[in-house]
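These notes are about the structure you will find just below.
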Amino acid sequence: MNEFELIAQWTRSLPGNASVIVGAGDDCAVLDLGEPGRYLLFKTDAVVQGIHFSATAEPEQIGHKALGRCLSDIAAMAGRPIAALVTMALPSQFDPAFLQRIYAGMNRLAEQHGVAIVGGETTTNPERLLISVCLLGDVAADKCILRSGAKNGDALFVTGELGGSLAGRHLEFEPRLAEARWLAGHFAIHAMIDLSDGLAGDLRHVLQRGNVGAEVLARAIPISRAARLQAKAESSAKTPLLAALSDGEDFELLFTVAGRDAVPLLDAWKKQFPKTRLSCIGKITSAPGLKLRDKTGVHSLEAHGYVHFA
Ligand SMILES: [Mg+2]
């Protein structure tokens, strides 16, 4: 049983109440606390030494990533982040100066996005550092974008460039909060997710949720320079295309809009975010499954995204 099957099994029996609009299974939980026209977004995420960062990562980068992952999930709902709680589990004999630098990285990102850090917890974990961030946000009820909602004929878009993130970008990415809110404010976005487990894996979540399929155009996938360099440097490395499809931790946005909105959206995006790439990588189909079209034809896509304990 892999991570996603296990999560699906244990989330089926979770208790709910009248506040729950969307429970486990989207980028954030969505709650209605009675504020007219607004939903609360609720998210938690953890980073663990040796899994999400190596012992050689700069402490500021570790702090940045710990909060950035949660911010990226708020972005995936087109939300606004508000306040965070931070739990640190520190190895014994932990250097206080190192901890201070983790907070410096986290605080800088929090300030940049108007997020208050309002408390948390410090505990010990004998072997390795773990940081868990819980984040509250909100969103206009009619602008909240879910993973579900992709429709046959939709154009499929992705921001930025994909693959090779572990070479460094995963510690320095900028969560796409402004971009996501702009998208939801100006276009009827049908479905959105942030890319944490790899394009192929995360796109599958969108397809399952929407009960649709997709055809992705191989040459339209924006492959990062890091993925190309990696493929050149190591003969055993993935091809750049496979890296873009299956490497995790890109923290870009994947979304769908009606086909007729695709060109106006691309034009408006270029004016609004001239430095950030936006690529139309394919279309949503009524036939289920994920297909890749390249020079040789249309193939069923085998590449899965990154799955923990697969
Ligand atoms: Mg996510």
- Query: Taking segment 203-216 as the region of interest, how many residues are surrounded by fewer than 24 Cβ atoms within 10 Å (Cβ to Cβ) and either closer than 18 Å to LEU266 by Cα or within 12 Å of the ligand (Cβ to nearest atom) (or both)?
  - Reply: 2
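Got at least one residue in segment 32-49 being over 30 Å from SER148 (Cβ atoms) and either within 16 Å of the ligand (Cβ to nearest atom) or in contact (Cβ under 8 Å) with a residue 40 or more places away in the chain (or both)?
Filtering segment 32-49 down to residues over 30 Å from SER148 (Cβ atoms) leaves 49.
From what's left, either within 16 Å of the ligand (Cβ to nearest atom) or in contact (Cβ under 8 Å) with a residue 40 or more places away in the chain (or both): 49.
The answer is yes; a qualifying residue exists.
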- Wholly enclosed strands (runs of 3 or more DSSP E) of segment 99-185 bearing at least 2 residues in contact (Cβ under 8 Å) with a residue 60 or more places away in the chain and in contact with a helix residue (DSSP H, G or I) (Cβ under 8 Å, 6 or more places away or on another chain): 130-140, 155-159
- Item | Which listed residue is touching an Asp or Glu at 6+ places or on another chain (Cβ under 6 Å), farther than 14 Å from HIS170 by Cβ and among the aliphatic types (A, V, I, L, M), from LEU85, LEU40 | LEU40
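Please state which one of ALA191, ALA200 is within 16 Å of the ligand (Cβ to nearest atom) and not in a helix (DSSP H, G or I).
Values: ALA200 fails: not in a helix (DSSP H, G or I).
Just one listed residue meets the conditions, ALA191.
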- Task: State which residue pairs qualify: first residue among the hydrophobic types (A, V, I, L, M, F, W, C) and inside segment 1-19, second residue modelled with pLDDT under 80 and surrounded by 10 or more Cβ atoms within 10 Å (Cβ to Cβ) in any location, beta carbons under 7 Å apart, and separation of 6 or more residues or different chains.
- Result: PHE4/VAL307
- Selection over segment 50-98 where residues are touching a helix residue (DSSP H, G or I) at 6+ places or on another chain (Cβ under 9 Å), within 16 Å of the ligand (Cβ to nearest atom) and in a helix (DSSP H, G or I) yields a count of 9
- Which of the residues spanning segment 203-237 are without any contact (Cβ under 8 Å) to a residue 40 or more places away in the chain and in a loop (DSSP other than H, G, I, E, B)? GLU234, SER235, SER236, ALA237
- Note on the structure: With criteria (1) closer than 23 Å to ALA180 by Cα; (2) surrounded by 13 or more Cβ atoms within 10 Å (Cβ to Cβ), GLU35 comes up short on (2)
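So, in segment 2-31, of the ones that are of a type in the set (S, T, N, Q) and away from the ligand (no atom under 16 Å from the Cβ), which residue ends up nearest to VAL115 (Cα to Cα)?
Of the residues in segment 2-31, the ones of a type in the set (S, T, N, Q) are 2, 9, 11, 13, 17, 19.
Checking the rest, the ones that are also away from the ligand (no atom under 16 Å from the Cβ) come to 2, 9, 13, 17, 19.
Values: ASN2: 34, GLN9: 33, SER13: 32, ASN17: 27, SER19: 24 Å.
It comes out as SER19.
The values are calculated or read from the model by the stated rules, or taken from the named source; none is laboratory data. Values in this document were obtained by computation on a predicted structure and should not be read as measured data. So basically every Cβ, Gly included, is an ideal-geometry build from the backbone, and we count neighbours across all protein chains shown.
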